[in-house]
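Please treat every number below as a calculation from the coordinates, not as lab data. Here the structure is a predicted model, which is why all the values come from computation and not from measurement. Please note: Cβ atoms are built from the backbone with ideal geometry, for glycine as well, and neighbour counts cover all protein chains shown.
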Amino acid sequence: MIAMTNPEMNKLVEVLLEGDHAAALAEARRLRAMGIEPERIVTEGLEAAMQRLDDKCTVESFNLLEIMLVGRAVSAVVNELYPEGVPPERGRDTFVIATLEGDVHDLGKNIAKMVLIGKGYRVVDLGKDCPVETLVNAAEREHAHAVLVSGLITPVIPQVRKVRPALAERGLGGIRVVAGGAALKQSSAEALNVDYVAETAFDGALYLDQLVRGAA
Amino acid sequence: MNSLERIKAAISFAPADRTPAVPQLFGHAAALAGVALKDYLRDGGLLARCQIEARERYGHDIVFAFMDLCVETEAAGSILQYRENQYPDVASYVLAPDSDVSALAVPDPATAGRMPELLRAAGILRSELGDTVLVAGCVAGPMTLATQLLGIEAALYLAADDPARFERILDFSAAVAIRYGIAQIEAGAHLPIVFDPAASPAVVPPQFFRELLLPRLQRVFSAFRQAGALANWLNIAGPTGTILPYYPEAGVDIANFDYYVEPQRARELLPDTCLDGNMKSLIFVEASPDEVAAAASRLVSEFAGRGGFLLSSGCEIPPEAKPENIAAMLAACRGA
C-alpha cells in the first residue's frame, strides 16, 4: 500500500526517509512557520513517512541502521513539535513498553518505540531489566491499550509468561500483550502466553493498528 | 574416522562416515557442569574442562575456546558488568563517537583482559584432544567489535554521520581480530571462527556489508590462512540470504546460516562452500527430543547427496537448553 502524501509534506517525508535528522528538523520548523499545526505534521508527515518505511521493510530488508536513522529524524521532529513530550490527549493510544527483568538488551525495544512514536502513538518506556510488577503498575496508571515486551535472550521467557496473569490479577485482563525480539520471536504466542508475537517492529505496529481500530 | 577427519571431509566435500555435528555449545557447557557462567567466562582451565566434559557427554565433533563477544572490547579498555549466570554486557564503552581510535592500542593477547585465559583454554583443549576433535577459537568480527567499542546505537549513527571516522574504527577492529585470532592458532586452536552478528542484514544493509565489511573480512581471513588456520569460518546469524554470495570473495570456507535462510536457498547461493546450520536455537529449550531429532534428520537428509555440511544450530544453543534435546540432535546425526 502506498500512502498518499500531502504535497506540502513531500520534502519532510523525503528527508525523514533519508534519515537526515538535521534536514527533517529544518523542514518541520519551516512548516510550523507557515502556520501548519503540529497535529498535521505528525499525521501527514511523520505517519506518511513511517507508512512508506513499513511498505519497504519486509523481513529481508528490515535493518537497524536504516530504521534507527529514520527513527532519530522522527524523534527530532517530535521533540521540536512537543518539547514537553507528547500530551496524552494527542496520542491516539498509549502503549507501555519494556525489556523485562533478566534482559539488559534494549535495542529492539527502542526500535519498536521509535516506530510507534512515528505512527503517532504515545509510548511509555520503562527501560530494560524491568520487573513485571512495574510493567503492570504502568499499564494501569497510563490506561495502556497494550503492553509490549522485547527480549533478546531466552532466559527472559519465564518473565514474559508472567505478564498476562499479573495483568489479570489486577483486573487488567483486557490489555493485550505483544512480544518481540530475537529470542521471543522464535517462540509462539501460545508458548509465551501473550496475544501476539511480532516478527519485526513494523509487524507489531501493524497488529497494534488493527487492535486500535478494533480489528484485532 | 575421528571428529576432525569428519569435519575436514565435509569442508572438502569428500565422503564421511556421517554428517559432522557442531552444535554451538558455549555457556551450556558451564550449565551442564553446574558451574556459574561468570566463572566459566573468566577461567580458561575451567572453560576447557567444561567443554571436554560436554563433548564426552554428547559426542559432538567440536569444542569451543569461546567466552563471549565482550572479550575484545574489555581487553581494549571497556568496563564490563558480570552477572552470576548471564553473559556480561558493557557498562562503559572505551570509545565515544568523538574519540580518536588511534589513541587505542591493539590489545596484546598475552596480557590484555581475559585474552590470556582464552588462549590457555585453547592450549588445554588442543593438548588434551590433539587432532581428534576440532578445537575452534573465536573472535569478534570487525563490525561486531566496532559496536562493542562504541555501543551499537552510537556505532550505527557514527557510520552514517562520519563514515571516515567509523572506517578507522573498523580497521582497528580488524587489527584486533587478526592479532587475537593468530594468537589462538599459535596457542592450539585449529581455526578461529569469526562471529560477526552485527554484520547481519538485520543490522546493516547488504551494500554496507559489501562496501565496508567485506574488505575487512578479507583481510582477517587472509591473515588467518597465512597463520595456518585449518579453514576460514564465518558465523553471522539472522537473514543472511543477501550477503551469503559474498562469502567466497571474503575467503570463507565454512558459512553458518540461520533458520531464516532455507537450506535449499543456502545451497544455491553457496554451491561450493561448506555450510553449517540452521536449527532454531529455541527448540533446544522448548521442544521435545522427538521434535529436535526430526528437525536434525530433515537437515541431514537435505544435505545427504551434497556433502559439505556440518549440522548445527543457526545461533548459540542457550545455556539453559535441555540436555536430552542436544543428545537427540546427536542421535539423529548418527542415524540412531
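In table form, for the structure just shown:
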| item | result |
| --- | --- |
| Helix-only mean residue ellipticity at 222 nm for chain A, each DSSP H run of n ≥ 4 adding -39500 (n - 2.57), per residue, nearest 500 | -14000 deg cm²/dmol |
| Net charge contributed by nearby residues that have their C-beta within less than 9 Å of B:Met1 (K/R +1, D/E -1) | 0 |
| Ellipsoid equivalent to the protein assembly as shown - semi-axes via the Cα gyration tensor, in Å | 41, 26, 22 |
| Cβ-based net charge around B:Cys50, under 12 Å, with every Lys or Arg adding one and every Asp or Glu removing one | -1 |
| For region B:210-336, alpha-carbon Rg and Dmax in angstrom | 15.4, 46 |
| In sequence order, calculated HN-Hα J values of region B:290-304 (Karplus, 6.51, -1.76, 1.60; Hz; x Gly/Pro) | 5, 5, 5, 4, 5, 5, 5, 5, 4, 5, 4, 5, 4, 9, 4 |
| For region B:105-248, projected area of the alpha-carbon convex hull averaged over all directions, nm² | 8.6 |
| Cross-link reach list, aspartates and glutamates versus B:Lys8, counting only Cα pairs under 15 Å and skipping chain neighbours closer than eight places | B:Asp17, B:Asp61, B:Asp131, B:Asp253, B:Asp272, B:Asp276 |
| Region B:50-174: radius of gyration and largest Cα-Cα distance (Dmax), Å | 16.7, 50 |
| Whole-number D in µm² s⁻¹ for region A:7-81, Kirkwood Cα-pair radius fed into Stokes-Einstein, 10 °C, 1.306 mPa s | 131 |
| Number of Lys pairs (Cα under 16 Å; 8 or more positions apart or on different chains) in region A:94-212 | 4 |
| For region B:1-66: span of alpha carbons on each principal axis (Å, largest first) | 40, 18, 15 |
| Simple spin-label estimate for A:Ser75 and B:Arg165 in nanometres, 7 Å along Cα-Cβ | 1.7 |
| Bins of 10 Å from zero: percent of alpha-carbon pairs in region B:3-333 | 6, 28, 37, 24, 5, 0 |
